[in-house]
């Protein structure tokens with residue numbers, strides 16, 4: 001990495017707070033005004049404007065960067081990991097170890113059906129590991145991991161995916177029925193028919209709420 005095009009020294013100093021080269025590169029790029037997709041930065045106000053997607057609901061988060069490099073780093077990492085869903089290879093390995101540690105300490109039985117697996121945090125970590133494996137298999141950019149994870153979560157919320165669709169065994173998801181890679185778009189799509197949603201039926205049954213949510217979510221992806 002070179003400091004030739006550094007614009008924001010306050011952000012560059014955050015590199016000293018991590019030994020992970022993945023995060024060092026992202027922070028260095030930010031210091032050169034090359035932020036991850038979904039982020040805009042106002043240097044005069046030291047403010048990040050972050051477009052996040054939470055199960056189909058788009059939000060713009062306004063976050064001020066602290067002056068202290070340590071606090072600034074923690075703020076950036078919150079944005080990268082919680083709002084954008086980015087993870088480094090080290091983070092993913094740590095996630096795997098955390099699953100095993102949680103299993104041993106809390107007596108979690110990974111050798112059960114997917115629908116019976118608890119707690120939710122363990123299921124989410126296993127699902128994130130699956131999305132990473134799919135992105136690797138199709139040689140996609142690592143940033144696609146969070147997009148695929150969100151798509152699967154949308155499918156679960158709107159009953160395009162159900163527990164029986166998960167081919168799961170002892171801590172590993174091997175495949176998800178109805179989740180297919182589309183060669184034309186070079187991304188994944190959900191092909192299952194929508195099942196019954198448990199909450200009360202809408203007064204407008206002709207509206208496909210899943211399709212509306214996905215369309216709204218997909219627009220943010222293509223706009224980035």
Task: Count - residues of segment 174-189 that are in contact (Cβ under 8 Å) with a residue 24 or more places away in the chain and on the phi > 0 side of the Ramachandran plot - done: 1
- [ ] Check residue 171 against each of (1) buried (at least 18 other Cβ atoms within 10 Å of the Cβ); (2) in contact (Cβ under 8 Å) with a residue 24 or more places away in the chain; (3) within 23 Å of residue 87 (Cα to Cα) and name the one condition it does not meet.
- [x] (1)
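Mind telling me which of the residues 80, 130 ends up being buried (at least 18 other Cβ atoms within 10 Å of the Cβ), touching a helix residue (DSSP H, G or I) at 6+ places or on another chain (Cβ under 9 Å) and over 25 Å from residue 14 (Cβ atoms)?
130
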- [ ] Please state which one of 139, 147, 159, 116 is closer than 27 Å to residue 52 by Cβ and free of Cβ contacts under 8 Å to residues at least 12 places away in the same chain.
- [x] 139
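How about segment 133-157: which of its residues are in a loop (DSSP other than H, G, I, E, B) and touching a strand residue (DSSP E or B) at 6+ places or on another chain (Cβ under 9 Å)?
Taking segment 133-157 first, the residues in a loop (DSSP other than H, G, I, E, B) are 138-143.
Across segment 133-157, the qualifying residues are 138, 140.
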Task: Criterion (at pLDDT 95 or above and on the phi < 0 side of the Ramachandran plot) met by exactly one of 41, 78, 22 - done: 41
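The values are calculated or read from the model by the stated rules, or taken from the named source; none is laboratory data. What you are looking at is a predicted structure, and each value in this text was computed from that prediction instead of being measured. With ideal geometry, Cβ positions are generated from the backbone for all residues, glycine too; neighbour counts draw on all protein chains shown.
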